[in-house]
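Read through the structure below, which is laid out as structure tokens, and then see the notes.
The values are calculated or read from the model by the stated rules, or taken from the named source; none is laboratory data. All figures in this text were calculated on a predicted structure; none of them were measured in a lab. Reconstructed Cβ throughout: ideal geometry from the backbone, glycine too, with neighbour counts over all protein chains shown.
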Amino acid sequence: MNNLIRLTEHGPERVNEDLWTLALTGEEPADGPRILSLTAWLQCQPESVLSGQEPSADAVCLQPDDEAERLQPYLAVLPLIAVLFPSFRDGRGYSQAYLLRTRIGWTGELRAVGDVLRDQLSHMRQCGFDAFAVREDKSAEDAIKGLNGMSVLYGRSAIEPRPLFRRRASEC
Amino acid sequence: MYHYDEYDRALVAERVAQFRDQISRRLSGELSEEEFLPLRLQNGLYLQRHAYMLRVAIPYGTLSADQLRALASVARDFDRGYGHFTTRQNIQFNWIELEQVGDILARLAAVDMHAIQTSGNCVRNISTDAFAGVAADEVLDPRPLAEILRQWSTINPEFLYLPRKFKIALCSASEDRAAVMMHDIGLYLYRDAADEMLFDVMVGGGLGRTPILSQPIRRALPWQHLLSYVEAVLRVYNRHGRRDNKYKARIKILVKALGIDAFAREVEAEWQHIKDGPAELTRAEYERVAASFRPPSYPPQPAVDLEFGSALARDAGFARWVQRNTHAHKQPGYVSVTLSTKPGADMPPGDVTAEQMEQVALMADRFGFGEIRVAHEQNLVLPDVAKADLYALWQQACEFGLATANIGLLTDVIACPGGDYCSLANAKSIPVAQAIQQRFADLELLQDLGEISLNISGCMNACGHHHIGNIGILGVDKNGSEWYQLTIGGAQGKLSALGKVIGPAFSAEDVPEVIAQLAEVYREQRQGTERFVDTVARVGLAPFKARVYPAQEVRA
Ligand code: HEM
Ligand code: SF4
């Protein structure tokens, strides 16, 4: 995928040579590894992957109707999880990401794909995404500016488990 | 009042800068209108028929005198000299230029105000009783928890792109003055025998095309769980609410589709995961916020105020105003005063000029500890006024057209902006409201009719809450012309009810006379001190219909 931003120890970085191809219909031409829909992924994995003995060569992409909990059995074999925003106005991906990070226990790369735009990146980051495949007609360079968002978060999030009132209290 | 600290200020200041940047990216074409739309909505900016409208948040309807002065300055410098107070305790400015929005927001930020999440598919302004903290019938002050909810819901990253808007109201008085049951989440707050704060949580209320009153989902929820429980409701809604049809996207539709029991089970299952975690409120946080809402130190008042008594005896107009426009206060010798924004045909309901705002700010400084509230009925309230000051206050209010003694009466109309401003309207609201007010200008008649709420919406979106007015008026479109459908028997509060349609719609011209006929039937039918809505409940629609549609003449 082009136009990718990934959070690293040194901060956000643009990634130009990402090998993954988003292949939701299964018909997309792909040179390298593919990110499949949940249904397709489940269908084409060998038993050794599904039973957790061997890592999967394919990544999975949750679509808004998918229950994030269904990935629970496969965390150990998945190389990457993507979450699709078919429209940036569809906010289900935020809850999926939040659950993957805080409840389901996914610690690998969590990539936002689809209608991924600068003005939503900070919310995505708060919900636990660490990679952002910015919509291809937009500049990833510009989009990086949207990552930081606000310095104040009243509530809590996947990356800040304590609401402000607990952080505030621990300061003094 | 709540006082901003450095966190609150930083957030609002950064938000102004962020939205300024988004506006300039829109103006340069970098952002398409489609991409900009949710961003501007989450900053309170609607595109209306003639111009942009900016809705500024007034959290749970509480303003300081300086904040009201800032609103006046915005009305004067950026609008046409007035603003419109809404049923959800906010204010709207109707004639805004996109290029100026950054400056307006910066001016508001200087007095700790903002327009964050006043529209869009996110958690909106938290609303409550306009008499919160002071009403004689209040069990406990809902404002600290309203403020805690406000903070928690502000830019909460997971819940900014919900299926649809989400409104929360709470109240803690024996009378519900916050229309709690038409909210997505409604919270009734009270104390148990051990003095602990508890909530009854209601869910799934909303008006619009499919009016539904909320249903109880959880009784006696201890206050510490407020945020985790609301989070559980929101997460279930965010994941499962419909997104394919915006008219079916409110939580009320999900609750109805699943049934309240199945919905409650979903919420319970979600809640079990997060309950007792870091979202649980702490006593320290409650106390920190509650400290902002300590009552002022009220100078003691004499048990008997002879001067006040003689003013009442001397001046019938004053006495009538005191009777209608003041509300019982916790503190002996004090009342809350409602300044009516419904003088009649001169001003649309809820509209207040910059000069009036400044005068109200002065009145608040002089007579009311510098605080103002916005009521659900679109009026302004001075919550703490000594009875001894009422006469002077009344005179000042009279001078500026804010002393109409009609609170709770038929002319205290709730109306949406309607076709004069709103691009979604089927029909105008304001001229109909004004024609009715004109028809009932006679205060004697009005007093005699007693409490009647009248609500007008210009279309099915129901911004004027017509479904829960004792008399509801809905603008409908018939072949391109404006007609009005009437409902009666609606009510808000703890005994909320949806009104019933009385029959075919009327032309704008006929509406005042039809209302007069309904009032007449009520006067003939009422028993003792029965209110209009009680009479409707007892006798049903038939006598009203019979008068309004004599001989079933056929209408267009
Ligand atoms: C003029 C610009 C306005 C526009 C374009 C507008 C638009 C809308 C729409 C589309 C809805 C329906 C949402 C839904 O059911 O999902 C709605 C509901 C609502 N509006 Fe407005 N509105 C405007 C002004 C106002 C004003 C001035 C008030 C207060 C006086 C108001 C109060 C409300 C309330 C309380 C609801 C919720 C009713 C419910 O629960 O369904 N709106 N508005
Ligand atoms: S009820 Fe309809 S006409 Fe009135 S403000 Fe709402 S959307 Fe506009």
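When every residue of the range B:393-412 is checked against the conditions, at least one turns out to be within 16 Å of ligand 1 (Cβ to nearest atom), under 20 Å from B:Gly83 (Cα atoms) and away from every other protein chain (no Cβ under 14 Å). Scanning the range B:230-262 for residues that are surrounded by 24 or more Cβ atoms within 10 Å (Cβ to Cβ) and among the hydroxyl-bearing types (Ser, Thr, Tyr) gives a single hit, B:Tyr237. When restricted to residues that are among the hydroxyl-bearing types (Ser, Thr, Tyr) and outside the structural domain of B:Gln356 (by TED's automatic domain parsing), the range B:373-410 contains 1. The residues in the range B:421-436 that are within 13 Å of ligand 2 (Cβ to nearest atom), of a type in the set (Gly, Ala, Ser) and farther than 18 Å from B:Gly208 by Cα can be counted, and the count is 1. Take B:Gly241 and decide whether it is under 30 Å from A:Ile104 (Cα atoms) and either among the acidic types (Asp, Glu) or within 16 Å of ligand 1 (Cβ to nearest atom) (or both). Criteria met by B:Gly241. Considering the range B:462-496, the residues that are of a type in the set (A, V, I, L, M, F, W, C), without any contact (Cβ under 8 Å) to a residue 60 or more places away in the chain and closer than 16 Å to B:Leu213 by Cα include one that is nearest to ligand 1 (Cβ to nearest atom), namely B:Ala491. For the range A:123-172, a tally of residues being over 22 Å from the mean Cα position of the chain (by Cα), of a type in the set (D, E, K, R) and within 8 Å of chain B (Cβ to nearest Cβ) returns 2.
Among the residues making up the range A:50-66, those that are on the phi < 0 side of the Ramachandran plot and either assigned to a loop (DSSP other than H, G, I, E, B) or within 14 Å of chain B (Cβ to nearest Cβ) (or both) are A:Ser51, A:Gln53, A:Glu54, A:Pro55, A:Ser56, A:Ala57, A:Asp58, A:Leu62, A:Gln63, A:Pro64, A:Asp65, A:Asp66. Here the range A:67-78 is the region considered, the condition is being in a loop (DSSP other than H, G, I, E, B) and in contact with a Phe, Trp or Tyr (Cβ under 9 Å, 6 or more places away or on another chain), and the residue that is farthest from A:Ile144 (Cα to Cα) is A:Leu75.
Among the residues in the range B:368-386, are any among the acidic types (Asp, Glu), more than 12 Å from ligand 1 (Cβ to nearest atom) and crowded, with 22+ Cβ neighbours inside 10 Å? Within the range B:368-386 (the criterion being among the acidic types (Asp, Glu), more than 12 Å from ligand 1 (Cβ to nearest atom) and crowded, with 22+ Cβ neighbours inside 10 Å), the answer is yes, since at least one residue qualifies. Among the strands (runs of 3 or more DSSP E) confined to the range B:165-212, the ones with at least 1 residues that are basic (Lys, Arg) and over 17 Å from the mean Cα position of the chain (by Cα) are located at B:185-191. Considering the range B:1-116, the qualifying helices (runs of 4 or more DSSP H), each wholly inside and each with 1 or more residues that are within 14 Å of another protein chain (Cβ to nearest Cβ), crowded, with 17+ Cβ neighbours inside 10 Å and within 16 Å of ligand 1 (Cβ to nearest atom), run over B:33-41. In the range B:413-424, what residues are in contact (Cβ under 8 Å) with a residue 60 or more places away in the chain and either of a type in the set (Gly, Ala, Ser) or more than 26 Å from B:Arg49 (Cα to Cα) (or both)? Scanning the range B:413-424 gives B:Ala415, B:Gly419, B:Ser423. In the set B:Val360, B:Val352, only one residue is of a type in the set (A, V, I, L, M, F, W, C), away from ligand 1 (no atom under 16 Å from the Cβ), within 20 Å of the chain's Cα centre (by Cα) and at pLDDT 95 or above; that residue is B:Val360.
So, B:Pro211, is that one without any contact (Cβ under 8 Å) to a residue 12 or more places away in the chain and either in contact with a Phe, Trp or Tyr (Cβ under 7 Å, 6 or more places away or on another chain) or within 16 Å of ligand 2 (Cβ to nearest atom) (or both) or not? Spelling it out, it is not the case that B:Pro211 is without any contact (Cβ under 8 Å) to a residue 12 or more places away in the chain and either in contact with a Phe, Trp or Tyr (Cβ under 7 Å, 6 or more places away or on another chain) or within 16 Å of ligand 2 (Cβ to nearest atom) (or both).
Each residue in the range B:385-406 was checked for being over 19 Å from B:His329 (Cβ atoms), assigned to a helix (DSSP H, G or I) and hydrophobic (A, V, I, L, M, F, W, C), and 1 pass.
Condition check ((1) under 20 Å from A:Gln96 (Cα atoms); (2) within 14 Å of chain A (Cβ to nearest Cβ); (3) touching a Leu at 6+ places or on another chain (Cβ under 7 Å)) across all residues:
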position: B:Leu207; (1), (2), (3): no, no, no
position: B:Ser214; (1), (2), (3): no, no, no
position: B:Arg219; (1), (2), (3): no, no, no
position: B:His240; (1), (2), (3): yes, yes, yes
position: B:Ala262; (1), (2), (3): no, no, no
position: B:Glu270; (1), (2), (3): yes, yes, no
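In this entry, B:Leu145 is excluded by the filter for residues that are surrounded by fewer than 22 Cβ atoms within 10 Å (Cβ to Cβ) and either outside any strand (DSSP E or B) or free of Cβ contacts under 8 Å to residues at least 12 places away in the same chain (or both). Got at least one residue in the range A:67-85 being touching a Gly at 6+ places or on another chain (Cβ under 8 Å) and facing chain B (nearest Cβ under 10 Å)? Yes: the range A:67-85 contains one or more residues that are touching a Gly at 6+ places or on another chain (Cβ under 8 Å) and facing chain B (nearest Cβ under 10 Å). The requirement of being within 21 Å of the chain's Cα centre (by Cα), modelled with pLDDT of 95 or more, outside any loop (DSSP other than H, G, I, E, B) and more than 14 Å from chain A (Cβ to nearest Cβ) is fulfilled somewhere in the range B:129-142, by at least one residue.
Among the residues of the range A:90-107, those identified as facing another protein chain (nearest Cβ under 7 Å) and either free of Cβ contacts under 8 Å to residues at least 24 places away in the same chain or part of a helix (DSSP H, G or I) (or both) are A:Gly91, A:Arg92, A:Tyr94, A:Ser95, A:Tyr98, A:Arg103. Starting from residues that are among the β-branched types (Val, Ile, Thr) and more than 16 Å from ligand 1 (Cβ to nearest atom), keep the ones in the range B:413-453 and report whichever is surrounded by the most Cβ atoms within 10 Å (Cβ to Cβ). Applying the filter and picking the extreme gives B:Ile436.
Filtering B:Arg243, B:Arg235 for residues that are of a type outside the set (A, V, I, L, M), assigned to a loop (DSSP other than H, G, I, E, B) and in contact with an Asp or Glu (Cβ under 8 Å, 6 or more places away or on another chain) leaves a single hit, B:Arg243.
I'd like to know if the range B:207-224 contains one or more residues that are at pLDDT below 95, crowded, with 23+ Cβ neighbours inside 10 Å and of a type in the set (A, V, I, L, M, F, W, C). Yes, the conditions are met somewhere in the range B:207-224.
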